[in-house]
Amino acid sequence: QVQLVESGGGLVQAGGSLTLSCAASGRTFRMGWFRQAPGKEREFVASITWTGGSTYYVDSVKGRFTISRDNAKKTMSLQMNSLKPEDTAVYYCAAQEAATAGYKYWGQGTQVTVSS
């Protein structure tokens, strides 16, 4: 069982920056960020493998968001720059135990609000 705890959400003006962090209680294969805006389905944002550091991003955040991890601290971060109002959502940290497994573990979510 892996527990995930997010931090770092908040209110920011359009064009601003925020950094989200996720602390894991154990080692995982891949960790990712998802988000859910009001009235919309949850969508994938970015992911990173714990061992190789391979990263993936949804097209809408490429060039603006950067995902990273610190294996020693078992933390993952999402640096979000040039934020847009459409980035407003609850952001969730998630983790996979293995390459063939789905995202089994989820954090409680942290609100990100971008004002225009």
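The values are calculated or read from the model by the stated rules, or taken from the named source; none is laboratory data. The structure presented is a predicted model; accordingly, all values stated were derived computationally and were not measured. Here the Cβ positions follow ideal geometry from the backbone for every residue, glycine too, while neighbour counts run over all protein chains shown. Surface areas here come from the heavy atoms of the whole protein model, side chains and all, with no ligands, DNA or RNA. Shrake-Rupley method; radii C 1.70, N 1.55, O 1.52, S 1.80 Å.
Residues that are touching a Phe, Trp or Tyr at 6+ places or on another chain (Cβ under 9 Å) and open to solvent by less than 20 Å² (accessible area, probe 1.4 Å) were ranked within the range 90-108; the one that is modelled with the lowest pLDDT is 96. Looking across the range 45-59, the residues that are exposed (fewer than 13 other Cβ atoms within 10 Å of the Cβ) and either closer than 17 Å to residue 27 by Cα or among the hydroxyl-bearing types (Ser, Thr, Tyr) (or both) come down to 51, 52, 53, 54. Per this entry, residue 53 is not counted among residues that are touching a Phe, Trp or Tyr at 6+ places or on another chain (Cβ under 9 Å), of a type outside the set (Ser, Thr, Tyr) and on the phi > 0 side of the Ramachandran plot. The residues of the range 96-116 that are assigned to a strand (DSSP E or B) and either among the hydroxyl-bearing types (Ser, Thr, Tyr) or more than 29 Å from residue 15 (Cα to Cα) (or both), listed by number, are 96, 103, 104, 105, 110, 113, 115.
The number of residues in the range 60-89 being part of a loop (DSSP other than H, G, I, E, B) and either within 21 Å of residue 14 (Cα to Cα) or open to solvent by less than 50 Å² (accessible area, probe 1.4 Å) (or both) comes to 8. Residues that are part of a loop (DSSP other than H, G, I, E, B), in contact with a helix residue (DSSP H, G or I) (Cβ under 8 Å, 6 or more places away or on another chain) and open to solvent by less than 60 Å² (accessible area, probe 1.4 Å) occur at least once in the range 8-20. Scanning the range 42-51 for residues that are in a strand (DSSP E or B) and under 11 Å from residue 89 (Cβ atoms) returns 43, 45. Pairing each residue of the range 29-41 that is assigned to a strand (DSSP E or B) with any residue that is polar (S, T, N, Q), provided the two are 6+ apart or on different chains, yields C-beta distances under 8 Å for 30/47; 30/49; 30/96; 31/47; 31/96; 32/47; 32/96; 33/47. On the basis of being within 25 Å of residue 116 (Cβ to Cβ), part of a strand (DSSP E or B), touching a Ser or Thr at 6+ places or on another chain (Cβ under 6 Å) and at pLDDT 95 or above, does residue 56 make the cut? No: the conditions fail for residue 56.
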